[in-house]
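The structure under discussion appears below in the form of structure tokens.
The values are calculated or read from the model by the stated rules, or taken from the named source; none is laboratory data. Fair warning: this is a prediction, and the values are worked out from it, not measured in the lab. Neighbour counts run over all protein chains shown; Cβ positions are idealised from the backbone, glycine included. Side chains included, ligands, DNA and RNA excluded: accessible areas come from the protein's heavy atoms. Shrake-Rupley method; radii C 1.70, N 1.55, O 1.52, S 1.80 Å.
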Amino acid sequence: MTGRAGIRAVEPEGAVGSGADNRPVVVFEYSQTGQLTEVADALVAPLVAAGRPVRRVRYAPVEPYPFPWPVARFFGVFPAATDESARVALAADPAELYTAPDELVILAYQVWYLAPSVPVRSLLAAHPELFAGREVVTLVACRNMWYSAAAEVRRTLAGLGARTVGTVAAIDTRPQGITLVTTLRWLLLGSRDGFLGRAGVGADELRRVGAAGERLAAAAGPDETALALADAAPVVPVLAAADLVAGQVFRRAGAALRPARGVARAAGLLGFALTLGVAIVTGLPALVAARLLLGKRFDRVVRARLAGVTAATSAGAPR
Ligand SMILES: Cc1cc2nc3c(=O)[nH]c(=O)nc-3n(C[C@H](O)[C@H](O)[C@H](O)COP(=O)(O)O)c2cc1C
């Protein structure tokens with residue numbers, strides 16, 4: 001870890017409340033636009049109100065990613081984003097990079113190309129000690145496809161010997177066609193508000209995440225954490241199915257593109273962008289049709305594939 005830029009820690013906030021679960025909380029977070037910070041604020045506000053000490057630890061890449069994203073950078077990050085071993089150097093205050101054994105850890109992250117963003121992967125890789133032997137709540141905020149990313153984060157945490165006790169997910173709940181346009185407008189042009197409305201996680205989701213935070217604050221003890229967060233990551237079956245299929249395809253496409261350089265890489269990325277457009281326009285309606293035909297059977301298959309992603313897990317193998 002180098003330097004102190006990009007990290008800010010909020011000191012524990014006062015006396016412990018009346019609930020039996022008085023454990024302090026630490027949140028690890030990086031947000032490019034502030035959206036993830038806003039979602040984390042909503043989750044921890046009830047804990048702070050209940051007197052739980054909450055430490056916010058913000059880290060960031062030493063070389064910041066651009067915002068808004070030039071189109072070439074946005075698609076150019078695809079091969080790295082789909083590479084589980086991709087890392088960037090992080091700026092963080094070493095004095096803040098610890099977890100006490102009794103701290104409940106909240107790992108907040110965003111999704112890049114159906115995978116956990118490169119910065120969060122880098123944190124997990126560079127600082128396994130923050131998570132080993134800890135109880136972890138994962139908090140994901142993205143457009144609406146978080147399932148493959150959540151599966152990877154859960155797997156990684158288990159590999160580090162962490163116990164994932166809950167998943168909270170916040171998405172843009174508006175129709176897929178609209179969020180596709182508004183998210184691209186936001187990320188590529190920098191305007192969150194405008195044509196077709198505000199992009200990103202809206203007030204409805206912030207309220208829902210806040211309600212999860214209230215249940216967490218009211219939990220009578222550590223054993224009730226999972227219960228409190230039981231429905232904090234609602235599954236949308238059609239989106240989850242698309243995500244799980246595309247997540248595999250993205251990882252293979254990214255691996256195929258990684259060795260390419262120069263014109264070959266640019267052509268490959270252009271091909272990927274065009275194929276992605278076609279896949280969204282044709283693939284999602286096909287999945288909607290399958291959902292209509294198969295009904296609850298479709299949902300059951302998707303939920304079975306997601307088992308262990310949203311539910312609490314037992315302790316993973318220590319490193
Ligand atoms: C390069 C890139 C790829 C993204 N891919 C996805 C994606 O696959 N699924 C999704 O739901 N959101 C995706 N998003 C949206 C992010 O998850 C996130 O909502 C947005 O970047 C704001 O996050 P922030 O808190 O870091 O500002 C992507 C964003 C970026 C920059």
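Taking only alpha carbon atoms, the stretch 242-298 gives an Rg to Rh ratio of 1.14, where Rh is the Kirkwood radius.
Most simply put, the stretch 25-234 has about 15% antiparallel DSSP beta bridges, counting only bridges with both residues inside it.
Ignoring everything except DSSP H segments at least 4 long, calculate the 222 nm mean residue ellipticity for the chain; use -39,500 (n - 2.57) per segment, divide by total residues, nearest 500. Can you show the working numbers first?
Details: 11 runs with 146 residues, N = 319.
Mean residue ellipticity, 222 nm, calculated: -14500 deg cm²/dmol.
With Cα atoms as the point set, the radius of gyration and Dmax of the stretch 110-186 evaluate to 13.8, 42 Å. In the chain, a dipole from Cβ-located charges (positive for Lys and Arg, negative for Asp and Glu) runs towards its positive end, and of V27, A40, L257 it is L257 whose Cα lies farthest in that direction.
Per residue, the chain exposes an accessible area of 44 Å² to a 1.4 Å probe, with every protein chain left in place.
Which FRET efficiency value, to the nearest 0.05, do you get for V263 and A307 by plugging their Cβ-Cβ distance into 1/(1 + (r/R0)^6) with R0 = 41 Å? Mind dumping the intermediate values first?
Numbers: r = 44 Å, r/R0 = 1.07.
Computed FRET efficiency for V263 and A307: 0.40.
Axis angle, to the nearest 10 degrees, between helix 203-218 and the longest C-alpha principal axis of the chain: 30 degrees.
Provide, for q = 0.16, 0.20, 0.25, 0.32 Å⁻¹, the log10 of I(q)/I(0) from a solvent-free Debye sum over equal Cα point scatterers in the stretch 62-110. Values returned for q = 0.16, 0.20, 0.25, 0.32 Å⁻¹ are -0.71, -0.94, -1.12, -1.25. Between amide H atoms placed 1.01 Å from N, distances below 5 Å from E135 occur with V105, R163, all of them 5 or more places distant or on a separate chain. Take every Cα pair under 8 Å whose residues are at least 6 apart in sequence, average their separation, divide by the length of the chain, and the relative contact order is 21 percent.
By how many degrees, 0 to 90 and rounded to 10, does the Cα axis of helix 176-189 deviate from the longest principal axis of the chain? With rounding to tens, the tilt is 80 degrees.
Give me the extension gain from R73 to L189: residue separation times 0.36 nm, minus the current Cα-Cα distance, reported in nm with one decimal. Walk me through the numbers before you get to the answer.
Numbers: separation 116, 0.36 × 116 = 41.76 nm, distance 1.28 nm.
Roughly 40.5 nm would be gained on extension.
Round to the nearest 0.05 the FRET efficiency obtained for A49 and A132 when R0 = 35 Å and r is the Cβ-Cβ distance. If you can, show how the numbers build up before the last one.
Values: r = 30 Å, r/R0 = 0.87.
For A49 and A132, the calculated efficiency is 0.70.
Counting each pair of different Cα atoms once, what's the Kirkwood radius of the stretch 25-234 in Å, rounded to one decimal? Result for the stretch 25-234, one decimal place: 17.4 Å.
The trypsin sites (Lys or Arg not before Pro) of the stretch 247-313 meeting both criteria, a DSSP state outside H, G, I, E and B (loop) and at most 11 other C-beta atoms within 10 angstrom of the site's C-beta, are R261. In the stretch 66-171 the Cα-Cα distances spread across 10 Å bins starting at 0 as 14, 46, 32, 7, 0 percent of all pairs. Alpha-carbon geometry of the stretch 18-58: the Rg and the Dmax are 11.0, 36 Å, given in that order.
Return the carbon/sulfur percentage of the accessible area of the chain, one whole number, probe 1.4 Å, all protein chains in place.
Working: 8960 of 13950 Å².
The nonpolar share, carbon plus sulfur, comes to 64 percent.
For the stretch 192-259, the calculated P(r), taken from all Cα-Cα distances in 5 Å bins from zero up to the bin holding the longest distance, is 3, 13, 12, 12, 14, 16, 14, 10, 5, 1, 0 percent. Ranking Q248, L274, L294 by Cα position along the charge dipole of the stretch 242-298, where only Lys, Arg, Asp and Glu carry charges on their C-beta atoms, puts Q248 farthest toward the positive end. In terms of the mean number of neighbouring beta-carbon atoms within 10 Å, the peptides 119-130, 67-78 order highest first as 119-130, 67-78. Against the chain, whose longest principal axis is taken from its Cα atoms, helix 147-159 shows a tilt of about 50°.
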